[in-house]
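Below is one structure, written out as structure tokens; comments come after it.
The values are calculated or read from the model by the stated rules, or taken from the named source; none is laboratory data. In this text, all values refer to a predicted model and were calculated from it rather than measured experimentally. Ideal geometry is used to build each Cβ from the backbone, glycine not excepted, and the neighbour counts take in all protein chains shown.
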């Protein structure tokens, strides 16, 4: 499947939530309020099957969602530790209230910021495929099989994969900027409940298609 075909497929999948299933958006809106439920629905989409939330058992969605959140939190640990490290080093300078002391930390803070950006990119590269491996096998440990993840990315193609992640990042950025325009509006809750599900579904479907560029939906754990 070509890159354009993947984008079209993911867009149509998300569009169908509104056009073909518009009358059944209430269950999906409820899932947006109960975060483990929407996370569990993302797991179902990452499995590579086309399924709508009202056709699934909410108990299973909740459990899968909790597992997905735990995996994401584990992946975020390095970011948290680096942030905490540089925060602790900055506190003494902030306590002095001296502009010179704070300015002296500027170089170190810039380095810390760059390290966080690099870590965020690396985590995104590994966790994206890791989450699909979890969804396909049901085993949380497979989300951290870095050797298998690297092998899968190599089969997909590094250039293709990085471009796909950039597209996902662009979609998320556009949706974030669009929502900020209504930050002080009463429409904000409505946007979160009705628009963001489409963004999440698009992302999950697109990731599943990227993974399936070289792997079958039932690929066994490595």
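Computed values, structure above
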{"quantity": "Any chance residue 36 is assigned to a helix (DSSP H, G or I) and over 20 Å from the mean Cα position of the chain (by Cα)", "calculated": "no"}
{"quantity": "Top-ranked residue in the stretch 202-218 [being touching a helix residue (DSSP H, G or I) at 6+ places or on another chain (Cβ under 6 Å) and modelled with pLDDT under 90; ranked as farthest from residue 29 (Cα to Cα)]", "calculated": "214"}
{"quantity": "Tabulated pairs, the stretch 5-20, first within 14 Å of residue 50 (Cβ to Cβ), second at pLDDT below 85 and exposed (fewer than 15 other Cβ atoms within 10 Å of the Cβ), C-beta under 8 angstrom, 6+ apart or interchain", "calculated": "9/1; 13/50"}
{"quantity": "Top-ranked residue in the stretch 67-89 [being more than 14 Å from the chain's Cα centre (by Cα) and exposed (fewer than 14 other Cβ atoms within 10 Å of the Cβ); ranked as farthest from residue 40 (Cα to Cα)]", "calculated": "89"}
{"quantity": "Residues being buried (at least 17 other Cβ atoms within 10 Å of the Cβ), in a helix (DSSP H, G or I) and at pLDDT 85 or above - total across the stretch 39-61", "calculated": "9"}
{"quantity": "When residues of the stretch 168-201 are limited to those that are surrounded by fewer than 17 Cβ atoms within 10 Å (Cβ to Cβ) and at pLDDT 85 or above, the one farthest from the chain's Cα centre (by Cα)", "calculated": "170"}
